[in-house]
Every structure is written in structure tokens, then in C-alpha cells.
Amino acid sequence: MIKLTEDQKLVLETVKKIAVNELEPRAAEIDEKAEFPTHAQKIFAENGLLNPLLPVQYGGVEMSMLTMVMILEEISKVCASSALLILAQADGMLPILHGGSEELKQKFLTRLGGDSQLLTAFAATEPSAGSDLLSMKTRAVRDGDHYVVNGQKCFITNGSVADIFTLYAYTDPDKRAKGISTFVVEKGTPGLSYGKNEHKMGMRGSVNSEMFFEDMKIPAENLIGEEGTGFSNLLQTLSQNRLFCAAQAMGIAQGAMRYAINYAKERVQFGKPIARLIPIQLMIADMAASAEAARALCYRAAEEFDAGDHDAGALHGGMAKFLASDTAMRVTTDAVQVMGGYGYMKDYPVERMMRDAKLTQIYTGTNQITRMVTGRSLLLEK
Ligand SMILES: Cc1cc2nc3c(=O)[nH]c(=O)nc-3n(C[C@H](O)[C@H](O)[C@H](O)COP(=O)(O)OP(=O)(O)OC[C@H]3O[C@@H](n4cnc5c(N)ncnc54)[C@H](O)[C@@H]3O)c2cc1C
């Protein structure tokens, strides 16, 4: 049983209120219209929730990983797209925090502090480089006090709306993993353009963009760390964002289950609530057990990160990612089943949750890749 501090209790109370009063009422609409949740962006910024992990020295609130996980969980119970906004912000910020010089942190991280609504993104994926990120083609070539970048990215969350983003590109393709570097890029940089925003199955209240770079000039000072450190920077960020994805997934699972339970108590067939039927009870029991297991693993990984044990946090965060997302997929599918035909209709939120859950099995590293990484680390690494 996790014992929350007074501060954590206060944050979570605020988050719950925001989720119920501000996010839940608009969740169906932003899904239907595929609308970016500017209302969530504003209210998160006003309450220090847009960048929960940002250190105090850069104007942030510096919450723990555990608090971050609980925030994502709470919001995902009602609107996973709004939770994705916080997740994408962390993805854009962490590479700078992990690898940037103090000067670079002062230049960019301070812009995320206070009640800033500035948006960030994390740009790694390309059309031919999804799971196989080392086959990325985007190239950055040093030219005096600039890098000139050519290439493209796809599926980037917040892509076309991000004010700044972290970009992964080869500075020395022959060196493979040791030849990738990370840069901070600002919106409006000449040579940066956007293609389509994707038309998606779920998480429709988020923007996912194609991005193109044509002789895009970035100041050399925007290089994060040294040349060639980009891939390790990327893996470090991924190890944390897999846990955030897990938190989102287990929040979705709980939201769907809660809805199905309430419905089952009300829906009468054969003269009694379907909650009295054994097959419904068995389904709910399985949903609850797997959601609780996913939750426990997420909390464990978060506590390990907070204790400074990055290896254990990454290992259990990876496990939490595939366990929680598979759980979310199954629980949301069963929630639709518990509700019968009504579950299938857009009048109720569980069909949206089922569509949203699917993404958690795919992004931040597919579950196949995440299982392989986990298996390899258990079998082949000391
Ligand atoms: C909505 C959305 C938001 C996203 N946001 C971002 C973002 O903000 N930034 C970003 O950089 N990227 C983002 N992505 C990209 C995401 O991380 C990739 O889609 C994901 O890593 C998988 O890559 P892919 O889609 O190219 O699939 P592929 O790599 O082509 O995989 C296809 C299938 O093959 C399997 N597969 C591939 N290689 C192996 C292997 N070696 N062994 C076993 N199975 C394998 C996969 O598991 C999958 O089932 C986003 C994607 C989506 C859909």
C-alpha cells in the first residue's frame, strides 16, 4: 500500500477535480471532432501539471515519478488524449534535462516553467524507421556555427503545434548508434515544414504530424550534449516514457471498468440487474485483478526511478508498459462486452476507451519490442 505525502494528496485531489469537472465533459467531443485539447493545455498550465517533472530551478514543480504516474492515471480514467498531452510534454523536455548543458537548459527549460503553455515534442520516428530507429535517414551536417538538417519525421505527437521539439538525426551515419545526435529545434526555423496531421483510430484529441526538414539551419549551440550521444539519450527518455504510457493504459483500464460496473448495476435483464449474473461477475473480477496488477507494477517502477535505481525502474517500467497496455486492451474490450450493444455505441465512453487503449500497445516501443528488450535484459545482461 502506497502512503501518499500531504503534497501528493493535494495534487491528486486537484487532478481529480480537473478530470471530472473539466476533462470528462469534453472527452467525447474532442474525440469526435479530433480537436486538440486547448482547454486541457490551459488548465494543466495553470495548475503546474503541464510539465510535472520540470525541476524547480527552471521554474517547475519537480514532482516525483510516482506523482507523475498517478496524475496520468487519474486523467486517463476520463480522457486519455488529455493525458497524452502531459506525456508528450515530458518526452520533449526529458532529452534536454538528461543531456543538455546548463546553458541549454537555461535557454529552453526555463521557457516551460511557471504557468507557461509552451508545447514540446519528441521527434524520432520516420517512415522507414519505426521500431528500427537506427535506420533513420535524417541527417545533420555541421556548417560553421550551424547544423544543416535534411530529412523527415512522422507520427510526431504535438508535431505541428509544438513550440520547441527535440530532434534525432545522424551526424555520422557510419557510426550507427554512436552517430546519432539530438537537437532542440524551435518552431518557425527556416526549412521546417509540416505535412498532414494523421487521421487516427483513437487518441483523437491529440495532434500527430509529419515534419519535413529542407536545409533547416539549427544553431550549433542547440546540440544536446556531445555529437553521437543521441541514441543513449533517446533510450534514457524511452525508458521513462514507457512507464508513462503504462500509467496512461492502466488509467484507461480503470476508467472503462468503473463505467462497466456502474452500468451492470443498473441494467436489468431477465428481471434482475446483470450485475447478479455470474458471467458478468467473472468478467469484472478478471478486469479488476489485471488492472490492479498493472497498477502495482507501475507504482513499483515509479518508486524505483524516484529512489535513483534507474535500471530497476527501466526494467519494471518496460514490463508495466506491455502488461498495462495489454490489460487496457482486454479490459476495455470486456467493458464493451459487459454493456452489450450499448457499449458499442458512441453514446457511451467505453468504445472510445477501447480505441484509445490500442495505441498504448503500439507507441513508445511496440509491445513486441518492449517484451524483447525485457527478455534480453533478463537473459543476456548481468
Ligand atoms: C499515435 C502515435 C503517436 C506517436 N508519437 C510519436 C512521437 O511523439 N514521437 C516519435 O518519435 N514517434 C511517435 N510514434 C511512433 C511510434 O513510436 C512507432 O509507431 C512505433 O515505435 C512502431 O513503429 P512503426 O509504426 O514503424 O511499426 P514497425 O516498426 O513497422 O512495426 C510493425 C510490426 O512489426 C513488429 N516488429 C518490428 N520489428 C520487430 C522485431 N525486431 N521483432 C519483433 N517484432 C517486430 C512490431 O512490433 C509491429 O507489430 C507515434 C506513433 C503513433 C501511432
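What follows is calculated from the coordinates using simple rules that are stated; it is not laboratory data. Keep in mind the model is a prediction, meaning the values are calculated, not measured. Cβ coordinates were reconstructed from backbone atoms using ideal geometry, including for glycine residues, and neighbour counts include every protein chain displayed.
In the range 225-382, the ratio of gyration radius to Kirkwood radius, Rg to Rh, stands at 1.10 when only Cα atoms are counted. A 28 angstrom limit on the alpha carbon distance is what I want to check against. Which of K16/K346; K9/K200; K77/K265; K196/K358; K3/K105; K77/K105 exceed it? Over 28 Å apart, Cα to Cα: K9/K200; K3/K105; K77/K105. Of the residues L85, L243, L359, the one that moves most in a GNM of the chain with alpha-carbon contacts below 10 Å is L359. Between the range 288-344 and the range 1-74, the alpha-carbon centres lie 19 Å apart. Solvent-free Debye calculation, one equal scatterer per alpha-carbon of the chain: log10 I(q)/I(0) at 0.13 Å⁻¹ equals -1.04. Sorted largest first, the principal axis extents computed over the alpha-carbon atoms of the range 1-153 equal 51, 39, 30 Å.
Couplings 3J(HN,Hα) of the range 372-382, computed from phi: 4, 4, 5, x, 4, 5, 6, 9, 10, 9, 8 Hz, in residue order, whole Hz [Karplus 6.51 cos²θ - 1.76 cosθ + 1.60, θ = phi - 60°; x for Gly and Pro]. Restricting the calculation to Cα atoms, every distinct pair contributes to the Kirkwood radius of the range 289-382, found to be 14.4 Å. Derived scalar couplings between HN and Hα for the range 222-230 equal 7, 5, 8, x, 8, 4, x, 9, x Hz in order, rounded to whole Hz, by the Karplus curve 6.51 cos²θ - 1.76 cosθ + 1.60 (θ = phi - 60°), x for Gly and Pro.
Using alpha carbons only, what's the Rg to Rh ratio of the range 35-106 with Rh from Kirkwood?
0.98
Would you mind telling me which residue in R355, R300, R176 has the biggest mean-square fluctuation in a Gaussian network model of the chain, where springs connect alpha carbons within a distance under 10 angstrom? Comparing R355, R300, R176 in a Gaussian network model of the chain, the most mobile one is R176.
Quick note on the range 65-203: its Rg to Rh ratio, both from C-alpha atoms and Rh being the Kirkwood radius, is 0.97. Shown in residue order for the range 52-67 are the 3J(HN,Hα) couplings computed by the Karplus curve 6.51 cos²θ - 1.76 cosθ + 1.60 at θ = phi - 60°: x, 8, 4, x, 4, 4, 10, x, x, 9, 6, 7, 6, 5, 4, 5 Hz (x for Gly and Pro).
With the highest mean first, a sort of the peptides 201-213, 369-381 on other beta-carbon atoms found within 10 angstrom per residue produces 201-213, 369-381.
Each Lys and Arg adds +1 at its Cβ and each Asp and Glu adds -1 at its Cβ; summed about the Cα centre, the chain shows a dipole of about 1180 debye.
Taking all pairs of distinct Cα atoms, average 1/r, flip it, and tell me the Kirkwood hydrodynamic radius of the range 168-211 in Å to one decimal place.
The Cα-based Kirkwood calculation yields 13.1 Å.
Remark on F155: its backbone amide H falls under 5 Å from those of S209, E210, a criterion applied only to residues 5 or more positions apart or on other chains, H modelled at 1.01 Å from N.
Between the residues L282, L378, V268, the greatest Cα displacement towards the positive end of the dipole of the range 241-382, with unit charges on the Cβ of Lys, Arg, Asp and Glu, is found for V268. Taking a Cβ cut-off of under 14 Å around D31, the surrounding Lys, Arg, Asp and Glu residues balance to a net charge of +1, with basic ones at +1 and acidic ones at -1. Other residues lying with their Cβ under 11 Å from the Cβ of R371 contribute a combined charge of +1, Lys and Arg counting +1, Asp and Glu -1. Across S232, S181, S76, mean-square fluctuation computed from a Gaussian network of the chain (C-alpha pairs under 10 Å connected) peaks at S232.
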